[in-house]
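*Asks:* What follows is a single structure, and I will ask about it in a moment.
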Amino acid sequence: MADFNIDDLTNQLQSNCVIEEKNGKDDKFLQGEDARKVWAKCLPKDDVEMIKVDEFNDKCNNQFVKVGTIVLDENIDCNTTIKVKVKNNELWGKPSENIYLIVRDEYIMKIGGTRDGMSGRWNSYKCGHCVQQRKNKKGVHYPGKMSVTNAYLYHTIEKDLLDNQSVWEIYVWNLPPMYVTQEILGTQVKIKTQTFHAYESCCITKFKELTGQIPFLCNNCDPQYVNVKCEDTEENITKEDEKEPEIIEKYLEDIKDAVIKITESTKKDYKYDETVFGNEKVKEEMEIAYKMKQLQMKEGDIAQKVLGMFPEWEDLKTGHSSGLDIKKKDNSCIMEIKNSWNTCNSGSQKAVLDKLSNYKKKNPNTVCVWGIVNPRPNSKKLEETIIYNGEHILKLQGTRLLEYVLTYDGKSYKDKIVTYVKNIMY
């Protein structure tokens, strides 16, 4: 019988535990791969139009103090994947108004504000983990009811930590409390007022004065900061956490599901035919090209969903009596949508105009539109009226088409929606 060595056995068991723990950590981050593809933003590759935190803090009279560093959370018993290593517990946990900076490799990426302290705001950001592409501990997909802003920031930081090991830090400016005295039913009452929105707007204005733009991750807020001025009155100050109309929020949720469903249908296995002069690099590049081509072929379907699902519009789908694609629910407009200018030869162009002119004859008060999502490059004529079979047909292309449809209650959502859909697709 071989000698039994307890030390060798102990070392082997410890080694096995390390391997199992490492595999568990790897699995934890692999499970978020699909979520990062949808929600992680492409960060700027250089420091153009950015500013270092020390330089900005100097312009703010050194009000900001570092409170922690954002790192990967490798604890396999915890679902979330990033956490903060707190440096200043007093400022981190203090339930008061704060302005905060989120910094990557010394450059400011976001300026925000909170009324409940930084610890509470960070817990809100961690809710960005709960996107539909992830599962809870029971293996069930999250319903995806998290804040879009939280999801973007959470996954952008997570991906950058995994891919680039960048250093992410949080700085806070703890704001002084402010009170006003108000008479209420004959009693003088001292009321604590909320001021962080004003401070936040002034900090973003200062950043814009120094760099020419707002911080990179502030582009993802709903709505974006536009034309904030320190001297503005309270009603002119835009709040980061102010939401879009409920109908637009619902549309964004619905369109996300629709786009994901379409893109998932493109994920077919690529078959590579070996060649004499091919190699692994060629195979990888051809597979990427294949997948991109499959995705591009679905852009027409995505465009019809994006336009047809917008508030006050409907997607007519296949089989509608008109043979057209989308229309306003009040029948004030109906459209045939083509993804590209070069998809219509003379025969298909005639078919499009026939359908639109026939509908116009039967519905003289309806605007009939031939829409082209992607016009000929450098085309300047994005809107024109065509007279066909005695009927006026409106032809809209590119940005003009998107503006026409993606406007609600006088506000254009074109840029927001295009960016939103791109991030889901790629």
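The values are calculated or read from the model by the stated rules, or taken from the named source; none is laboratory data. For clarity, every value in this text was computed on a predicted model and none was experimentally measured. Positions of Cβ are backbone-derived with ideal geometry, glycine not excepted, and every protein chain shown enters the neighbour counts.
*Asks:* If you take the residues in region 164-196 that are among the aliphatic types (A, V, I, L, M) and surrounded by fewer than 16 Cβ atoms within 10 Å (Cβ to Cβ), which one is nearest to residue 103 (Cα to Cα)?
*Replies:* Just the residues of region 164-196 that are among the aliphatic types (A, V, I, L, M), to begin with: 167, 170, 172, 175, 178, 180, 184-185, 189, 191.
Going one step further and asking which of them are surrounded by fewer than 16 Cβ atoms within 10 Å (Cβ to Cβ), we end up with 167, 178, 180, 184-185, 189, 191.
Working: 167: 8, 178: 28, 180: 34, 184: 44, 185: 47, 189: 40, 191: 34 Å.
Going through the qualifying residues, I end up with 167.
*Asks:* Scan region 179-204 and report the pairs whose first residue is outside the structural domain of residue 64 (by TED's automatic domain parsing) and whose second residue is surrounded by fewer than 18 Cβ atoms within 10 Å (Cβ to Cβ) and of a type in the set (Gly, Ala, Ser), with Cβ atoms within less than 8 Å and a gap of 6+ or a chain change.
*Replies:* Pairs that qualify, where the first residue is outside the structural domain of residue 64 (by TED's automatic domain parsing) and the partner is surrounded by fewer than 18 Cβ atoms within 10 Å (Cβ to Cβ) and of a type in the set (Gly, Ala, Ser): there are none.
*Asks:* What's the number of the only condition in (1) surrounded by fewer than 19 Cβ atoms within 10 Å (Cβ to Cβ); (2) basic (Lys, Arg); (3) assigned to a helix (DSSP H, G or I) that residue 159 fails to meet?
*Replies:* (1)
*Asks:* Taking residue 140, is it within 25 Å of the chain's Cα centre (by Cα), more than 17 Å from residue 111 (Cα to Cα) and not acidic (Asp, Glu)?
*Replies:* Working: within 25 Å of the chain's Cα centre (by Cα): yes; more than 17 Å from residue 111 (Cα to Cα): yes; not acidic (Asp, Glu): yes.
When the stated conditions are applied, residue 140 passes them.
*Asks:* Show the residue pairs that are 6+ apart or on different chains and have beta-carbon atoms under 6 Å apart, the first residue being within region 263-281 and under 30 Å from residue 304 (Cα atoms), the second being modelled with pLDDT of 65 or more and part of a loop (DSSP other than H, G, I, E, B).
*Replies:* From region 263-281, the pairs are 266/298.
*Asks:* Separate question: Looking only at region 93-124, count how many residues are assigned to a helix (DSSP H, G or I) and buried (at least 24 other Cβ atoms within 10 Å of the Cβ).
*Replies:* Result for region 93-124: 1.
*Asks:* Which condition breaks for residue 38 when tested against (1) of a type in the set (A, V, I, L, M); (2) under 20 Å from residue 169 (Cβ atoms); (3) in a helix (DSSP H, G or I)?
*Replies:* Only one criterion is unmet by residue 38, namely (2).
*Asks:* I've got another one for you. Can you tell me which residue within region 41-60, out of those that are modelled with pLDDT of 90 or more and part of a loop (DSSP other than H, G, I, E, B), is surrounded by the fewest Cβ atoms within 10 Å (Cβ to Cβ)?
*Replies:* For region 41-60, the residue satisfying everything is 60.
*Asks:* Same structure again: Scan region 381-426 for residues that are charged (D, E, K, R), over 30 Å from the mean Cα position of the chain (by Cα) and not in a strand (DSSP E or B) and report the count.
*Replies:* Going through region 381-426 one residue at a time, the tally reaches 1.
*Asks:* Considering only region 339-381, state which residues are closer than 20 Å to residue 321 by Cβ, touching a helix residue (DSSP H, G or I) at 6+ places or on another chain (Cβ under 8 Å) and not aromatic (Phe, Trp, Tyr).
*Replies:* Listed by number, the residues that qualify are 366, 368, 369, 371.
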